[in-house]
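The values are calculated or read from the model by the stated rules, or taken from the named source; none is laboratory data. Not measured: the values here are computed from a predicted model. Ideal geometry is used to build each Cβ from the backbone, glycine not excepted, and the neighbour counts take in all protein chains shown.
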Amino acid sequence: MGNEADRERRFFELIWQSRPDVIVLDLSRTDGNGIVTIQRIREKCDIPILIVCAEADPRQSDYRISGAAECLHAPVDMLYFNRAIQHIIRLTRRVEPHGARQTAFAFNGITFRPDQNSVMGANGSSIKLTTSENDLLCYFVSRAWKACTRAQIAESLYGRHRPNSDRAIDVVINRLRKKLATVQSHSKHELVKTEFRRGYMFVADVSTLPGESSGRGPS
């Protein structure tokens, strides 16, 4: 157990020292739980994750739900591999400049800090969000009181790699709902409302808290 903890510590020390554009995880030759590994990385940092896995790996959609940006099949053509990395970098840099991730938001007694992947209740209780949950909440707070279709949400979260079914979207939304409910200290009404045959709506008045966000670092 100690060796595993030491490896994880050294891994994140290296990540924070080098700040790579993309983290590549080769899951093509392991029977371990790659989903747990992705989630652990997402808890600590927001660097995009590229997965290399077997073409027949049944967990590819779960890798994306957990926070992977892309899955490539082994053996990987190096030209395609480099193109995938450049595509991820371009998407990341396209999203980051706008101020949403450098601003804190307040709604219904909750403070949301996108740059820290966290939501905090008025009583000080805090909970971490996965990258997918964080991106989804960013999408919702910018569209409060507006009906959002599953197709629009999928496009925002996954771009051209959107899942073939709505299950991935529903899973992320249900996880986000539970975490928001966990930190709510007063009104317990559901913040993400299902719009019958339309999609979802974020039902809360949102205010921005400029200057409240802080830089990220290893924890």
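General remarks:
- Residue within region 1-23 that is modelled with pLDDT of 80 or more, under 12 Å from residue 53 (Cβ atoms) and surrounded by 10 or more Cβ atoms within 10 Å (Cβ to Cβ) present: no
- Flag if residue 137 is modelled with pLDDT of 90 or more, in the same structural domain as residue 192 (by TED's automatic domain parsing), in contact with a strand residue (DSSP E or B) (Cβ under 7 Å, 6 or more places away or on another chain) and closer than 28 Å to residue 34 by Cα: yes
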